[in-house]
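Before we start, here is the structure in question, set down as structure tokens.
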Amino acid sequence: MPEQKPSARSFAAGKFSPPVLDPQRHLPRTRVIEILRQAEARGRRIFLIRGQAGRGKTTLAREFLQECDAPFLWYQMGEEDRDPVFFCAALLEGLRRPLARFRTPLLEAMLDKGELATGDAERAAELLATELSAFLSGPFFLVFDDLHLIDGSPASLAFFSSLLQFLPVDVRVLGLSRWALPLSLEKKCLLILDNETLALNRQETVALYDRLFDLAPTGETLDLAVRRSEGWIMGLVLIGRALARFGEDAVCSRLHGMESLGQEQVEEFFGEEVLDGLDEEMRHGLLRLALFDDLPLPLIARVSEDERVPELLAELSRHNLFVRADEEGCTYGFHHLFRDSLRNLGLRELSEEERRRALARGGRWYLEDGRIEEALACLAEARDYPACEALLKDFGMALLGSNRLKTLETALGTLPEPVMDEYAVLAFYYGMSLMDSCPERAHALLEQARGRFAETGMARGELLASAQLILFHLFIDGRFNLAAPLLGRAERLLAGLESTLPPIMLIQVNHALAAGHYFIYGDGEAVPRYAGHAWELAKQHDYDNLLAGITIIQGYHYAVRGHWESFRAKAEEAQELLANPRVSPLHRLYLRLMQLNLLSLQGDLVNYHRQRAVIEEIFSRDLLVKTTLGPLFWVLDIDVALAEGRLDEAATFVRMGLDSGYAAGNPHLRGMYRQYQAFLLALADRRPEALAAVDEALALRNEAGGRLFTAINRMILGAACVRLGEPERAERLLEEAIRLCEDLDEHFTRIGALAFRGLLRLSLGRTEEAGADIRGAMVGLKNNHLRHFYLATPTLLQEFLAAAGRLGIEVETARAIAARQLDLALLDKGRILPRLHIRTLGPLVMSLDRRMELREGVWSPAQRAFWALLLSEKERSLPQERMQLGLWPESPADKSRASFDTLLSRARRVLDAACHPLSAKNYLELKRGVLALINCHAEDEDFSAEIVSGLRLARQGRPWQAGNRLYRGLRLWRGGYLSQVEVEDEQLLARRSELERLYLQGVLAWGGLLVTAGRDDEALDLYNEALRVDPTQHDLVKALYELHSRGNAPTAARRMLEQYRKALARADYEPDEIDAIVESLWVPQPEKRGNF
């Protein structure tokens, strides 16, 4: 199969050719042209000219273009444009005719690499319109003739609607259609002309007969002609020709005998006017030609089988008898009414064999001319199956590679079912065309093709079909076990064919094999080998969309192996790919799913919720995406809800997943939801329902297969059985999970299984075995820098960490996790205490276990100073003498000591009352003359650590991780450090200054990342809020000014500059200094990369 692609030459000669107007035989439509002119003057830029065939739509549009005298593209719609990818490619090629230097590098690359899918209509239209807007410097017209031919193709209609939405104001669009189309258009930009407007009135009919036939019918005849034709131009022309031949009496007599002109009268006229004088051979030649839309001379010669036919067409064209020729006389076309009439006659007069022979000849000619899509359509309609198969052997992969799926579906969908049994190539490509729209039917066809390929020894076909079937079982029907035998066979086939396959096939096959080994076996050697080879090829040959899919598999592989740094590196690659327009919307969502998975595993729930909200925005715009991908995201939502103790919400996500159509027939996905449901039911003590869920989840996983997912299944169901009081079953399931994880070298699931088995054994009094399990889990958490494990609700995690503390196992790690994840202090012998949470950014606020909150107002000024001095010290501890000196520098020692005792006593009383039944001594202690805050946590520590880390990651070129850190830090900012405390303490003032500096640096870094991601509104809010802290911060003002300028908001930009000047003046800058500072805002800054 040579790697060939349809080129620009594959477009029909008449695709971009406007009709030629003969001034001698053309009636000017002055009245209607004036309507169009006036509408344009009122700002209308989209003109839909809607009317039955023969209403003069095409001629009117051509005349309007002549009147406007502006550059234009005439685009002749055809059946092939029902494929939106073809429509986009053809339109792009057409635009290069009048706009010779016009290019859209990004869209061209997407088309060339097959990265534009059927569902990407809006994205393609926006890219094309954006480039066109930048290129044009004046009015330009786009005419789409026969627009109704894409009716019934939602994707092509979506592309056209989006194009109209995004096109620049300089572009005028004329859409010519026989009927109304379901288009979403703004009425203020739109003008619709219908049959009534297009109809000729009496005065125009007089002009028509005078100009075309040199006739002056009587008033009665004119009235009768207009009434019977209803002003239909073609009807009036037919009546005029009859008047010229037969006279008024004969014609009026016939008109009185009918209510109106219809298809029957039209066909009768064409028969009398054109066909009656032809012999059977020439007549049949015309009928055969009517099977085709455009008629280049070589095609005419090939199909008509009569050398007189070209001369006849030239004669009909010269007399304007419903045949048009291009300016060179090389291509002809029938008027739509004439062609439709000829086709109807052909159905009656041509045998089926004669029709098929003509179509087959035409198909072969199209193939020779490089018009692959039309060749396939003709050969399929001709039922020439060997020729179809031969064509697809040569060009099928090129059509797939260009995402011409609708073209393949339309052509092959007409073939009888038995044909697919005999012609494996046809079954394969028809199956591939249906993968998105009808996956179950696609599966049957691909399985059919694979079997036939295997029987006939077509190894390449068998390999490609096997690869697609592997992906089907992994991502659509969730039956990994059915993919296992295909995987082994595909590997053997690839070994023998690898040197003969083009890069695109190698990438796709290696990707399928990598995915298969990950989902089925969790193979630590095969996954990186196949994925790495596919990744290198995709990178080398610039297949960005395929690169995205491979990156996802690599990321998940690293997660299984506990290679967290490598997983984070893949998350950074994903971030770059998210900013790449060549990556499909579907792959972008999968990339975001991978990033969310990493956040969930690492316990970064703050950023999980932020990035999950971005995905919800996408879901809200695309219901189809939500119904197909929503169930995958809900699995992660369950994990996070459990980690936060939101059990009711977790149960809701479970119900949503089980009720979704996607999960209903997918044992992999349904099994995942049922295993979570089993655990939640066990926590709720609903024993019978939980046990039923356990049994079903086991059965579903056995049906689906997949070693990694089996390990997760056994771990979750083992945990459920622990809670259900089924120790033997629980231990058996957890043992299987641990064994599988050890075989797979999987870390995260193994930690959870060891933790639950440890708790189980501890409850059974098997302390030594329990200690070994708990140690294994704690070491796993420590070595992997993890904070939690599967199903670790706050209650369960607290129970586990307390057990580790009692047994003296990895106590420091347990304390760190308890503090970070649960805001708890782990004391000696596993005792647990809620930490005192101190909000130090903005007003001072203390809280405990989310149930007590002490705001700044409860403290006296002296007490606020007391807390400020203590909080500003390193380690939050201060010698008593230093505190006394800081509060009462002028007082004698004994007096300041008495004041200190009183102050401390009152502070403890307030804390005691708020902490009850706990004691304030758990948090504020005086030991050996040193005052210390213990078992507490102040937010400025987290803020400082997060911002410093975020800035470092940004400098290292890791924007996704940098953004996560910066966001976590900045969300803590509610104002300056202890902003309401007035104490002249050097340490406090230095701390306040340092945190403010970090805040402004963090804002600039995070804002830059938001801007790069296109989230300008968030950046604006962020910058405006930061200006309240320091209205003279130059970099901040510059960033904000550039945002206003880019957003075309000159008023906001001017107001901001005025405020900046005033702030500088208040800061004692001289006028000339202010001018210089403001002028420096125009110096451009280098762009930053990232996408959030």
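The values are calculated or read from the model by the stated rules, or taken from the named source; none is laboratory data. All values derive from a computational prediction rather than experimental measurement. Note that we place each Cβ from the backbone using ideal geometry, even for glycine, and neighbour counts take in every protein chain shown.
Scan the helices (runs of 4 or more DSSP H) fully inside the stretch 334-388 and keep the ones with 1 or more residues being surrounded by fewer than 17 Cβ atoms within 10 Å (Cβ to Cβ).
336-349, 352-368
Being touching a residue at least 60 places away in the same chain (Cβ under 8 Å), among the hydrophobic types (A, V, I, L, M, F, W, C) and buried (at least 17 other Cβ atoms within 10 Å of the Cβ), is that true of even one residue in the stretch 806-818? Before the answer, list the steps.
We begin by selecting, within the stretch 806-818, every residue touching a residue at least 60 places away in the same chain (Cβ under 8 Å); these are none.
No.
Six or more apart or on different chains, Cβ atoms under 8 Å: show the pairs whose first residue is in the stretch 592-614 and acidic (Asp, Glu) and whose second is surrounded by fewer than 22 Cβ atoms within 10 Å (Cβ to Cβ) and modelled with pLDDT of 95 or more.
Final answer for the pair search is ASP604/ARG968.
Something else about it: Looking only at helices (runs of 4 or more DSSP H) that lie completely in the stretch 724-843, which have at least 2 residues being among the acidic types (Asp, Glu) and in contact with a helix residue (DSSP H, G or I) (Cβ under 8 Å, 6 or more places away or on another chain)?
727-744, 767-783
Looking at GLY138, GLY114 in this structure, which one is in contact (Cβ under 8 Å) with a residue 40 or more places away in the chain, in contact with a Gly (Cβ under 8 Å, 6 or more places away or on another chain) and either at positive phi or surrounded by fewer than 23 Cβ atoms within 10 Å (Cβ to Cβ) (or both)?
That would be GLY114, the only listed residue that is in contact (Cβ under 8 Å) with a residue 40 or more places away in the chain, in contact with a Gly (Cβ under 8 Å, 6 or more places away or on another chain) and either at positive phi or surrounded by fewer than 23 Cβ atoms within 10 Å (Cβ to Cβ) (or both).
Turning to a different aspect of this structure: Name the single residue, out of those in the stretch 528-574 being part of a helix (DSSP H, G or I), in contact (Cβ under 8 Å) with a residue 40 or more places away in the chain and among the hydroxyl-bearing types (Ser, Thr, Tyr), that is farthest from LEU601 (Cα to Cα).
Applying the filter and picking the extreme gives THR551.
Only one of these conditions is not met by THR1032: (1) in contact (Cβ under 8 Å) with a residue 40 or more places away in the chain; (2) under 28 Å from GLU1070 (Cβ atoms). Which number is it?
Only one criterion is unmet by THR1032, namely (1).
Still on this structure: Could you list, ordered by first residue, the pairs with Cβ atoms under 6 Å in which the first is in the stretch 962-975 and outside any helix (DSSP H, G or I) and the second is small (Gly, Ala, Ser), at least 6 apart or interchain?
Listed by first residue and then by second, the contacts come to ARG974/GLY842; GLY975/GLY842.
Additional query: What is the one condition in (1) surrounded by fewer than 22 Cβ atoms within 10 Å (Cβ to Cβ); (2) more than 21 Å from LEU844 (Cβ to Cβ); (3) modelled with pLDDT of 95 or more that ARG971 does not satisfy?
(2)
Of the residues LEU376, LEU392, which is closer than 18 Å to PHE87 by Cβ, of a type in the set (A, V, I, L, M, F, W, C) and modelled with pLDDT of 95 or more?
LEU376
Oh, and also: Mind listing whichever residues of the stretch 902-917 are surrounded by 13 or more Cβ atoms within 10 Å (Cβ to Cβ), of a type outside the set (A, V, I, L, M) and more than 12 Å from LEU854 (Cα to Cα)?
ARG906, ARG908
Can you name the residue in the stretch 944-964 that is over 16 Å from ARG568 (Cβ atoms) and aliphatic (A, V, I, L, M) and, of all such residues, is surrounded by the fewest Cβ atoms within 10 Å (Cβ to Cβ)?
By that ranking, first place goes to ALA945.
Looking at the stretch 497-506, is at least one residue without any contact (Cβ under 8 Å) to a residue 12 or more places away in the chain and assigned to a helix (DSSP H, G or I)? Lay out the reasoning, then the answer.
We begin by selecting, within the stretch 497-506, every residue without any contact (Cβ under 8 Å) to a residue 12 or more places away in the chain; these are 498-499.
Remaining after also requiring assigned to a helix (DSSP H, G or I): 498-499.
Yes.
Return the only residue of ALA932, ALA907, ALA898 being farther than 30 Å from GLN961 by Cα and not in a helix (DSSP H, G or I).
On the way: ALA907 fails: not in a helix (DSSP H, G or I); ALA898 fails: not in a helix (DSSP H, G or I).
Within the list ALA932, ALA907, ALA898, the selection yields ALA932.
Okay, next question. Of a type in the set (A, V, I, L, M) and free of Cβ contacts under 8 Å to residues at least 24 places away in the same chain: does that describe LEU989?
So LEU989 fits the description; yes.
Condition first: within 50 Å of the chain's Cα centre (by Cα), among the basic types (Lys, Arg) and more than 21 Å from GLY976 (Cβ to Cβ). Now tell me which residues in the stretch 826-874 satisfy that.
Of everything in the stretch 826-874, those that are within 50 Å of the chain's Cα centre (by Cα), among the basic types (Lys, Arg) and more than 21 Å from GLY976 (Cβ to Cβ) turn out to be ARG831, ARG835, ARG850, ARG851.
Among (1) over 23 Å from LEU238 (Cα atoms); (2) modelled with pLDDT under 90; (3) touching an Asp or Glu at 6+ places or on another chain (Cβ under 9 Å), there is one condition GLU327 misses while meeting the rest; what is its number?
(3)
Among GLN1033, GLN1001, GLN1085, which is of a type in the set (S, T, N, Q) and at pLDDT 95 or above?
One residue alone meets the criteria, GLN1001.
Looking at (1) part of a loop (DSSP other than H, G, I, E, B); (2) in contact with a Ser or Thr (Cβ under 9 Å, 6 or more places away or on another chain); (3) within 16 Å of ASP194 (Cβ to Cβ), which one does ILE49 not meet, given that it meets all the others?
That leaves (1) as the condition not met.
Follow-up question, since we're still on this one. Please count how many residues of the stretch 760-779 are under 24 Å from VAL560 (Cβ atoms) and crowded, with 22+ Cβ neighbours inside 10 Å.
The first filter runs over the stretch 760-779 and keeps only residues under 24 Å from VAL560 (Cβ atoms), leaving 772-779.
Pick out the ones that are also crowded, with 22+ Cβ neighbours inside 10 Å and you get 773-774, 777-778.
Result for the stretch 760-779: 4.
What are the pairs with Cβ atoms under 6 angstrom where one residue, in the stretch 236-254, is closer than 26 Å to LEU198 by Cα and modelled with pLDDT under 90 and the other, located anywhere, is of a type in the set (Phe, Trp, Tyr) and crowded, with 19+ Cβ neighbours inside 10 Å? Sequence gap at least six, or different chains.
Close Cβ pairs satisfying both conditions: LEU238/PHE269; GLY240/TYR209.
Here is a check on your reading of the model: is ARG44 over 18 Å from PHE322 (Cα atoms) and at pLDDT below 95?
Yes; evaluated as a whole, the condition is true for this residue.
To continue, here is another question. Could you say whether any residue in the stretch 395-418 is in contact with a Gly (Cβ under 7 Å, 6 or more places away or on another chain), among the polar types (S, T, N, Q) and buried (at least 20 other Cβ atoms within 10 Å of the Cβ)?
yes
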